[in-house]
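Asks: Provided herewith is a single structure, encoded as structure tokens, for subsequent inquiry.
The values are calculated or read from the model by the stated rules, or taken from the named source; none is laboratory data. None of the values given here were measured: they were computed from a predicted structure. Heads up, the Cβs are rebuilt from the backbone with ideal geometry, glycines too, and the neighbour counts pull from every protein chain shown.
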């Protein structure tokens, strides 16, 4: 069983002042008072942890990273249910939306799909030529989108491994790809400094968003599919209209590269995290800064809300996964 540290102390985080900027140039600052309660620190990994994902029922967590392990464990107790040991570092892990399967991919250029009850291997997809950076299930669980350093996003059938589409809109490494809530569109972010929205059935590019100055590491849909939050090396999170590409606001709370962005399930808040070792929670409509979590001591690579919207799980190069809430 992996080590688990349960922390009961409540501490003030953040330093008292949060900065944000709206798209029309207005800058604002103000104090924030929320407290953080770290519920668990999972220490089962022995190297950088690159991704963490809640199962759809919230009863299990999958985490993966540079130690060549994908670990499945309980967010309530830290008990480790299962551990995969691929031959290379894994960059991304994702549960199917029905919770029945799990997929992961990384430096071995493969995406592996396993049964999430027996953990038996079901399929290995070998369509990519370079490192796998991101893997995501379609809402109907009938397709997987995988993004790679080979400049492509591939859509394929997780039952047969058959490729249905290869998206070639980017001209450099692609860090992330995410399905829209209705399943008809995909958003992807790249080293080419663009965010692109495209039709998941035809591969037709619908929007090229050029607002970032630097690599785009992550792009995430709002739960209603109307907005996209994207972030990367320019230290900003930009929220923009998914239909028109019009910039709605720019959040400037981070001081270094941003690796992760996720919307709360009600679409009201966003959590972002990055190289400044913080995870920050803020209002997705106004950009108003709410909270800074400083439980990690190194880069925060991923942060995601629990299915009930009450907790956040974040992972880091400090080798830990931490589960926490804003109170």
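Asks: For residue 176, are the conditions met, namely being under 29 Å from residue 124 (Cβ atoms), surrounded by 19 or more Cβ atoms within 10 Å (Cβ to Cβ), modelled with pLDDT of 95 or more and in contact with a strand residue (DSSP E or B) (Cβ under 6 Å, 6 or more places away or on another chain)?
Replies: Spelling it out, residue 176 is indeed under 29 Å from residue 124 (Cβ atoms), surrounded by 19 or more Cβ atoms within 10 Å (Cβ to Cβ), modelled with pLDDT of 95 or more and in contact with a strand residue (DSSP E or B) (Cβ under 6 Å, 6 or more places away or on another chain).
Asks: Looking only at residues in segment 268-319 that are more than 16 Å from the chain's Cα centre (by Cα) and under 18 Å from residue 75 (Cα atoms), which one is surrounded by the most Cβ atoms within 10 Å (Cβ to Cβ)?
Replies: So, considering only residues that are more than 16 Å from the chain's Cα centre (by Cα) and under 18 Å from residue 75 (Cα atoms), the one surrounded by the most Cβ atoms within 10 Å (Cβ to Cβ) is 296.
Asks: Quick check on segment 182-197. Is at least one of its residues on the phi > 0 side of the Ramachandran plot and out of contact with any helix residue (DSSP H, G or I) (no Cβ under 6 Å at 6 or more places or on another chain)?
Replies: So far as segment 182-197 goes, yes, one or more of its residues are on the phi > 0 side of the Ramachandran plot and out of contact with any helix residue (DSSP H, G or I) (no Cβ under 6 Å at 6 or more places or on another chain).
Asks: Only residues that are surrounded by 19 or more Cβ atoms within 10 Å (Cβ to Cβ) and in a loop (DSSP other than H, G, I, E, B): list them for segment 128-148, please.
Replies: 128, 138, 143, listed by residue number.
Asks: Going by what's in this entry, would residue 207 be described as outside any loop (DSSP other than H, G, I, E, B), under 20 Å from the mean Cα position of the chain (by Cα) and modelled with pLDDT of 95 or more?
Replies: No, not satisfied.
Asks: Please pick out the residue among 15, 78 that is surrounded by 13 or more Cβ atoms within 10 Å (Cβ to Cβ), at pLDDT below 95, out of contact with any helix residue (DSSP H, G or I) (no Cβ under 9 Å at 6 or more places or on another chain) and at positive phi.
Replies: After ruling out the rest, the residue left standing is 78.
Asks: Sticking with this structure for a sec: Taking the condition of being part of a loop (DSSP other than H, G, I, E, B) and surrounded by fewer than 19 Cβ atoms within 10 Å (Cβ to Cβ), how many residues in segment 149-172 meet it?
Replies: 9
Asks: Next up: Please find, within segment 246-272, the residue that is nearest to residue 189 (Cα to Cα) out of those that are outside any strand (DSSP E or B) and in contact (Cβ under 8 Å) with a residue 40 or more places away in the chain.
Replies: It comes out as 257.
Asks: Right, something else. Just to be sure before I move on: is residue 237 over 20 Å from residue 38 (Cα atoms), crowded, with 22+ Cβ neighbours inside 10 Å, modelled with pLDDT of 95 or more and within 15 Å of the chain's Cα centre (by Cα) in the structure I sent?
Replies: yes
Asks: Among the numbered criteria (1) in a loop (DSSP other than H, G, I, E, B); (2) closer than 26 Å to residue 316 by Cβ; (3) touching a strand residue (DSSP E or B) at 6+ places or on another chain (Cβ under 9 Å), which one does residue 99 miss?
Replies: The failed condition is (3).
Asks: Considering segment 117-127 alone, what residues qualify as being outside any strand (DSSP E or B) and within 28 Å of residue 59 (Cβ to Cβ)?
Replies: Answer for segment 117-127, where residues must be outside any strand (DSSP E or B) and within 28 Å of residue 59 (Cβ to Cβ): 117, 118, 119, 120.
Asks: Right, residue 36: crowded, with 19+ Cβ neighbours inside 10 Å and at pLDDT below 95 or not?
Replies: Yes; evaluated as a whole, the condition is true for this residue.
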